[in-house]
1. Return the sequence-ordered ³J(HN,Hα) values of region 69-81 in whole Hz as given by the Karplus equation 6.51 cos²θ - 1.76 cosθ + 1.60 applied to θ = phi - 60°, using x for Gly and Pro.
2. Positive end of the charge dipole of the chain (Lys, Arg +1 and Asp, Glu -1 on Cβ, about the Cα centre): tell me which of THR47, PRO83, TYR6 has its Cα farthest that way.
3. Relative contact order of the chain: what whole-number percent is it, with Cα pairs under 8 angstrom and at least 6 residues apart?
4. Kirkwood Rh, Cα Rg: Rg to Rh for region 1-43?
5. Roughly how many Å² is the accessible area per residue of the chain, as a whole number, for a 1.4 Å probe?
6. Explain nothing, just compute: Karplus ³J(HN,Hα) = 6.51 cos²θ - 1.76 cosθ + 1.60, θ = phi - 60°, for every residue of region 28-42 in order, whole Hz, x for Gly and Pro.
7. What percentage of the solvent-accessible surface of the chain, computed with a 1.4 Å probe over protein heavy atoms, is contributed by carbon and sulfur atoms?
8. Magnitude of the Cβ-charge dipole of the chain, K/R +1 and D/E -1, about the Cα centre, nearest 20 debye?
Amino acid sequence: PAGVTYVGGSATGNAEFTFQGYDAVTRTLTWTADDVSEDGTVSYQATVDEGAAELIQPLINIASIDSDQTEPDEADSPIFVPPDHPPP
């Protein structure tokens, strides 16, 4: 979501999923698989942008699946960025 930045080169796949790339315009990471026969995990790293705490909270990260084997599905993960606290 806006307020976080993908760390280039940090995306990983597994035996079935291959990372295809990141689209900076749509802020979308894409993995593909020819066939999915078992549960698996993909991952990536992101950094919190300066000023992210001033955006409407929580920031919402959305994951979706588009497959010929299953119905489309989507899930979201809220990310709360607390306001910066000045040093004591």
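The values are calculated or read from the model by the stated rules, or taken from the named source; none is laboratory data. Note that this is a predicted model, so its numbers are computed, not measured. Cβ: placed from backbone, ideal geometry, glycine included. Neighbour counts: every protein chain shown. The accessibility values were calculated without ligands, DNA or RNA, using every heavy atom of the protein model including side chains. Shrake-Rupley method; radii C 1.70, N 1.55, O 1.52, S 1.80 Å.
1. The phi angles translate into 9, 9, 5, x, 9, 8, 9, 10, 9, x, 10, 9, 10 Hz.
2. Going by the charge dipole, the pick is PRO83.
3. 29
4. Here Rg/Rh amounts to 1.01.
5. 78
6. Listing the rounded values in order: 10, 9, 10, 10, 10, 8, 5, 8, 10, 10, 8, 4, x, 9, 10 Hz.
7. 52
8. Values: 1 positive and 16 negative charges, 100 e Å.
Around 480 debye, computed over the chain.
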